[in-house]
1. Looking at this structure, is B:Asn52 open to solvent by 70 Å² or more (accessible area, probe 1.4 Å), without any contact (Cβ under 8 Å) to a residue 24 or more places away in the chain and farther than 26 Å from A:Glu44 by Cβ?
2. From the list A:Arg22, A:Arg111, A:Arg64, exactly one residue is within 13 Å of another protein chain (Cβ to nearest Cβ) and either charged (D, E, K, R) or under 25 Å from B:Ser39 (Cα atoms) (or both). Which is it?
3. Go through region B:10-30 and report how many residues are over 18 Å from A:Gly42 (Cβ atoms), modelled with pLDDT under 95 and either within 13 Å of chain A (Cβ to nearest Cβ) or in contact with a Pro (Cβ under 6 Å, 6 or more places away or on another chain) (or both).
4. Can you give me the number of residues within region A:28-49 that are part of a strand (DSSP E or B) and more than 9 Å from chain B (Cβ to nearest Cβ)?
5. Can you pull out the residues in region B:94-111 that are within 9 Å of chain A (Cβ to nearest Cβ), of a type outside the set (A, V, I, L, M) and in contact (Cβ under 8 Å) with a residue 40 or more places away in the chain?
6. Given the residues B:Glu15, B:Glu6, which is the only one that is open to solvent by less than 40 Å² (accessible area, probe 1.4 Å) and of a type in the set (Asp, Glu)?
7. Could we say that B:Gly40 is within 19 Å of A:Gly40 (Cα to Cα), surrounded by 18 or more Cβ atoms within 10 Å (Cβ to Cβ) and within 11 Å of chain A (Cβ to nearest Cβ) here?
Amino acid sequence: GAGVSQSPSNKVTEKGKDVELRCDPISGHTALYWYRQSLGQGLEFLIYFQGNSAPDKSGLPSDRFSAERTGGSVSTLTIQRTQQEDSAVYLCASSPDGAFAQPQHFGDGTRLSIL
Amino acid sequence: SQQGEEDPQALSIQEGENATMNCSYKTSINNLQWYRQNSGRGLVHLILIRSNEREKHSGRLRVTLDTSKKSSSLLITASRAADTASYFCATDPQGAQKLVFGQGTRLTINP
């Protein structure tokens, strides 16, 4: 079946602009995660959605970052007034439910470059 | 700070040799996972080991977990050029409700 799909794969924008990143999880997966990966680094947790529960936003670095998940499926991560330090790869993952004793399935990410 | 720390940060070996990567963590965990990431791609799950397990095998992969030392190792036997990638450990700390990833080991297999 189809894996996790992210779009766009690359995004270049000017400092101060808003960007939207999209994630299509695996069909039927109720848990969805966003991570940020800076060059050559590990993954930084951003936000976690599980079913209809309130999302865990504890990893969002500032109020310029927000995310929503419509209809329990597609998710959009929005960064407002982008800064150069926002440049990174943004990875989305999904899993069948919110149990952390399960593998997470990752998309190939969106490479965001802020000029 | 990151829960998991991999060692070494980079490893370069000849094809056919074994590769060992280590992961240390700070707090009690429910389970530990290893992932592989090829350049420009997302992470791919390799293996999960629960806190009550000590060793697990999957094909050419062998994972050990020592909860008393808060450490895990990933062994790849008979390495191949296709094993060239970054390898990350991810822990599920008790009470944290999230996976915490280490900084990764960059493995290069030379033909």
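The values are calculated or read from the model by the stated rules, or taken from the named source; none is laboratory data. Treat the numbers as computed from the prediction; the structure is a model and nothing was measured. Using ideal geometry, Cβ is built from the backbone for each residue, glycine included, and neighbour counts are taken over all protein chains shown. Just so you know, the surface numbers come from the protein's heavy atoms only, side chains and all, with ligands and any DNA or RNA stripped out. Shrake-Rupley method; radii C 1.70, N 1.55, O 1.52, S 1.80 Å.
1. In short, yes.
2. A:Arg111
3. 1
4. 7
5. Once the filter is applied, which keeps residues that are within 9 Å of chain A (Cβ to nearest Cβ), of a type outside the set (A, V, I, L, M) and in contact (Cβ under 8 Å) with a residue 40 or more places away in the chain, region B:94-111 yields B:Phe101, B:Gly102, B:Gln103, B:Gly104, B:Arg106.
6. B:Glu6
7. So B:Gly40 fails the test.
Yes/no per residue for (1) more than 11 Å from the chain's Cα centre (by Cα); (2) open to solvent by 30 Å² or more (accessible area, probe 1.4 Å); (3) modelled with pLDDT under 95:
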site: A:Asp18; (1), (2), (3): yes, yes, no
site: A:Cys23; (1), (2), (3): no, no, no
site: A:Gly28; (1), (2), (3): yes, yes, yes
site: A:Trp34; (1), (2), (3): no, no, no
site: A:Gln41; (1), (2), (3): yes, yes, yes
site: A:Tyr48; (1), (2), (3): no, no, yes
site: A:Asp56; (1), (2), (3): yes, yes, yes
site: A:Gln80; (1), (2), (3): yes, yes, no
